[in-house]
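Q: A single structure is presented below for examination.
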Amino acid sequence: MDAVKDSLTQGYNTAKRALSTAPPNDAYLHWDAPGVEEIKPDEEAKAQQIADTMNKMQKHNFDKHRHAFRATHVKTQGLVKGTLTVPSGLPPHLSQGLFAHPGTYPIASRYANEPVFLQSDTEPGPRGMAMKIFNIHGERLETPGNKSLSTQDFFFNNAPMIELTDIDTCLEIMQLRERYFDNPNGLAMALKLRTDIIKQHAPGMLPNTNMISHSMYTQSAFRFGEYYGHMAMFPVLPEMKEKGGAAVLSSGSYTQISDWLFDYFRGAPAKYEVKIQLGTSPAHHPTEDASIVWDEVTAPYQTIGTVEFPVQDSFSQARRVFWEDHMVLDPWRALAAHRPLGSINRLRKVVYARSQKKRDELNAKKSSNIQSIDEMP
């Protein structure tokens, strides 16, 4: 049956590829080619407005809990240490950036709920994973404080697109979320008045299942050495995939997802394949509209590495407090070869720094760019 299904899928994809107007799949476009990015003159002002709005939501959370969190992905679900392995012998178009250097790198990752407030696990919504990779060397972006670092941060969510779309949409949606911070019904009604209502309600349609079973996507585009693309991580082990069969019940626990992750990592390791889609055309593989899912027929995923996490305590309180109160993660404190692209990423250059500053201010603590996996409990 699987062989028949695979044959039908291959036949469909072949026909679809033949009808597509996209360039050949291997005609990879350079990251700075005309049309890949289109920067608008008012972006800096809008990014500051978004940061102002998200700082307000951080203050709302502080007023509720007397503790400041990140501006998004507020609720920690699990924290794990592991490795990223870059294989030798990658073809030249995949041997780019940090993936041009075969080897095994220490990593630390955090699983989290995406919303801006502490959400019950019975509520469906986006789930995310942040990853810090250590012992990374090479030319770095000009971001303040970045030159002396030897880390690379990547961010993933369990959907291949992001409904925030671009800087204009992000500003509108964040202002609505702040206005209706304590009124989810009011927010739902406001979203129903938008022309992109289906897109904005898409996060609530994601499966509310064990996060260990989820594929994870960068959602937005990044430079990949000479080229540009979307990265993703896909579960490999059968025991990971089978955990997607059970959903969180409406009568379930407030902490169901973190409980499931704790139970999983207490008895089994996890393994992901790391893959990249490489863009060939701004029209078919845009950076400026992050709500568009890149078609795998015209930009197939190609394997560039593996991520592995051994058996461990995924909810160590010492590790949780350290990450939530002290860890700095920022897509712009990165290698030049992995520069974030598109307005949804350019705004993060402002928002992440402002979010960190507000969190430190409210908690009267100092975040740090840790440079060794051993600094983390």
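The values are calculated or read from the model by the stated rules, or taken from the named source; none is laboratory data. Computed from a predicted structure; not experimentally measured. Glycine also receives a Cβ, built like all others from the backbone with ideal geometry; neighbour counts cover every protein chain displayed. When the accessible area is computed, the model is the full protein with side chains, heavy atoms only, and any ligands, DNA or RNA have been set aside. Shrake-Rupley method; radii C 1.70, N 1.55, O 1.52, S 1.80 Å.
Q: Where nothing but the Cβ of Lys and Arg (+1) and of Asp and Glu (-1) is charged, how large is the charge dipole of the stretch 282-377 around its Cα centre, in debye to the nearest 20? All intermediate terms of the calculation are to be shown ahead of the outcome.
A: Values: 13 positive and 13 negative charges, 121 e Å.
My answer is approximately 580 debye.
Q: So what J values fall out for the stretch 122-130 if you push phi through Karplus, 6.51 cos²θ - 1.76 cosθ + 1.60 with θ = phi - 60°, rounded to Hz, Gly and Pro as x?
A: 6, 8, x, x, x, 10, x, 9, 9
Q: Another question, then. Skipping prolines and chain starts, which residues have an amide H placed within reach, meaning under 5 Å, of the one on GLN77, given they are 5 or more residues away or on another chain?
A: Result for GLN77 returns TYR111, ALA112, ASN113.
Q: In terms of the Cα gyration tensor, with a ≥ b ≥ c the square roots of its eigenvalues, is the stretch 194-241 rounded because a/c is under 1.5, prolate because a/b exceeds b/c, or oblate? Don't skip to the answer; put the middle values down first.
A: Values: a/c = 4.88, a/b = 1.03, b/c = 4.75.
It is oblate, given that a/c is not under 1.5 and a/b is not larger than b/c.
Q: Distance in nm between label sites at GLN119 and ALA336, each 7 Å beyond Cα in the beta-carbon direction?
A: According to this spin-label approximation, the distance is 3.8 nm.
Q: Running a GNM on the chain with Cα contacts under 10 Å, which residue among ILE197, ILE276, ILE292 ends up with the highest mean-square fluctuation?
A: Judging by the Gaussian network model, the answer is ILE197.
Q: Right, another one. Could you state the accessible area per residue of the chain in Å², with a 1.4 Å probe and every protein chain left in place?
A: Numbers: 16350 Å² over 377 residues.
About 43 Å² of surface per residue is accessible.
Q: Just to check I understand the Karplus step: with θ = phi - 60° and J = 6.51 cos²θ - 1.76 cosθ + 1.60, what whole-Hz values come out for the stretch 142-156, glycine and proline as x?
A: With coefficients 6.51, -1.76 and 1.60, one gets 7, 4, x, x, 8, 4, 8, 8, 10, 10, 9, 9, 10, 10, 10 Hz.
Q: To continue, here is another question. How much length is gained on full extension from ASP374 to ASP182, taking 0.36 nm per residue of separation minus their Cα-Cα distance? Mind dumping the intermediate values first?
A: On the way: separation 192, 0.36 × 192 = 69.12 nm, distance 3.93 nm.
In short, 65.2 nm is gained.
Q: Return the sequence-ordered ³J(HN,Hα) values of the stretch 238-249 in whole Hz as given by the Karplus equation 6.51 cos²θ - 1.76 cosθ + 1.60 applied to θ = phi - 60°, using x for Gly and Pro.
A: x, 5, 6, 4, 5, 6, x, x, 10, 9, 5, 7
Q: Of the residues SER314, SER253, SER150, which exhibits the maximal mean-square fluctuation in a Gaussian network model of the chain defined by a 10 Å Cα contact cut-off?
A: SER253
Q: I'd like the carbon and sulfur percentage of the solvent accessible area for the chain, probe radius 1.4 Å, heavy atoms only, ligands and nucleic acids excluded.
A: Details: 9070 of 16350 Å².
Looking at the chain in its full context, I get 55 percent from C and S.
Q: In addition: For the chain, what does the helix formula give at 222 nm: sum of -39500 (n - 2.57) over DSSP H segments with n ≥ 4, over the residue count, nearest 500 deg cm²/dmol?
A: Values: 10 runs with 114 residues, N = 377.
Helices in the chain give a 222 nm mean residue ellipticity of -9500 deg cm²/dmol.
Q: If I build a Gaussian network model for the chain, linking alpha-carbon pairs within less than 10 angstrom, which residue out of GLU242, GLU288, GLU273 has the largest mean-square fluctuation?
A: The residue that fluctuates most here is GLU242.
Q: Could you tell me whether the chain comes out rounded, prolate or oblate from its Cα gyration tensor? Rule is a ≥ b ≥ c as square roots of the eigenvalues, rounded for a/c under 1.5, then prolate if a/b exceeds b/c, otherwise oblate. Walk me through the intermediate numbers first.
A: Working: a/c = 1.22, a/b = 1.18, b/c = 1.04.
Rounded, since a/c falls under 1.5.
Q: Follow-up. Once ligands and nucleic acids are excluded and a 1.4 Å probe is used, how much of MET161 is accessible, expressed in Å² to the nearest 10?
A: Its heavy atoms expose roughly 40 Å² to the probe.
Q: For ALA270, what residues show an amide H to amide H distance below 5 Å, using hydrogens built from the backbone and excluding near sequence neighbours?
A: Answer set, sorted by chain and number: PHE309.
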